[in-house]
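Everything below concerns the one structure shown next.
The values are calculated or read from the model by the stated rules, or taken from the named source; none is laboratory data. These numbers come from a predicted model, not from an experiment. A quick note on method: Cβ atoms are made from the backbone with ideal geometry, for glycine too, and the neighbour counts reach across all protein chains shown.
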Amino acid sequence: MTDISLAIIGGTGVYALAQLQDAEAHQPVTPYGAPSGPIRVGRFAGKRVAFLARHGEGHSLPPHRINYRANLAALKAVGVQRVLAMNTVGGITADFGPRVLACPEQLIDYTWGRVSTLSEEPGSEVLHVDFGDPYTPALRQQVLAAAARVRVAVVGHGCYGATQGPRLETKAEIARMKRDGCDLVGMTGMPEAGLARELGLDYACLAIVANWAAGAGPDPDEVITFDDVLANVAAASAGLPVLVSAL
Ligand code: HPA
């Protein structure tokens, strides 16, 4: 299936593409096990698109239990080359308030204990891929150019900090991440981006800001609720079809 234009990995709040037409489900078995759910391949926004719900279609997998290797290997097995990874995040710095869409250019990995490389198994090739620019620069440029063409606002910079979860962060953790240079915080950005590089896939992040991270917003004592997260994701992802149509 080499005619797939793009894969979209949906994050929290994006469990399906409502407008995906004539979809077929694929669940390839990979050397790393099973992906989070079926890969649904169909027509979306005028393109042949593959969609995978990262947490499973019923959000049954917490971030540290996702089989990131199987997900990306399964996408590769159905013929995908470009991956647009949607990640629901908290915003840390001023440009990244709730409902903002962003295509970050850097990341910092604070996760631990996740299988984060294809080199895990004894006897597998030891890979030391270049990761200075963790998101594929050409794909980021395509995303930003497409967004500009169809007038969907996407912030074209930023650093994503990947935390372990599944709990949200403390105010002190977010303050430290801000000092480190993070603009966004999420739980699923790594090891996914690193594995995509190991697999030779083009990979960019489309982050959806669902809330101010702990202590980062105008009301530092605001409590983050999952209902607010889902409402903001639904509002901010409304521009996805038109963005993809231009990609
Ligand atoms: N922190 C980490 N992950 C998240 C957040 C957050 O505030 N909001 C949505 N995903």
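Points worth noting:
- Taking first residues from the stretch 67-88 that are on the phi > 0 side of the Ramachandran plot and partners that are of a type in the set (Val, Ile, Thr), the Cβ contacts under 6 Å between residues at least 6 apart in sequence or on separate chains come to Gly79/Thr2; Gly79/Ile4.
- Top-ranked residue in the stretch 125-141 [being part of a helix (DSSP H, G or I) and in contact (Cβ under 8 Å) with a residue 40 or more places away in the chain; ranked as surrounded by the fewest Cβ atoms within 10 Å (Cβ to Cβ)]: Ala138
- Total residues in the stretch 5-54, condition outside any strand (DSSP E or B), in contact with a strand residue (DSSP E or B) (Cβ under 9 Å, 6 or more places away or on another chain) and at pLDDT 95 or above: 5
- Count of residues meeting criterion [buried (at least 19 other Cβ atoms within 10 Å of the Cβ) and within 12 Å of the ligand (Cβ to nearest atom)] in the stretch 142-199: 14
- Cross-chain or 6+ apart pairs with Cβ under 9 Å, the stretch 202-219 first and assigned to a loop (DSSP other than H, G, I, E, B), then aromatic (Phe, Trp, Tyr) and near the ligand (Cβ under 9 Å from one of its atoms): Pro218/Trp212; Asp219/Trp212
- Residue check for Val229: within 14 Å of the chain's Cα centre (by Cα), part of a helix (DSSP H, G or I) and within 12 Å of the ligand (Cβ to nearest atom): no
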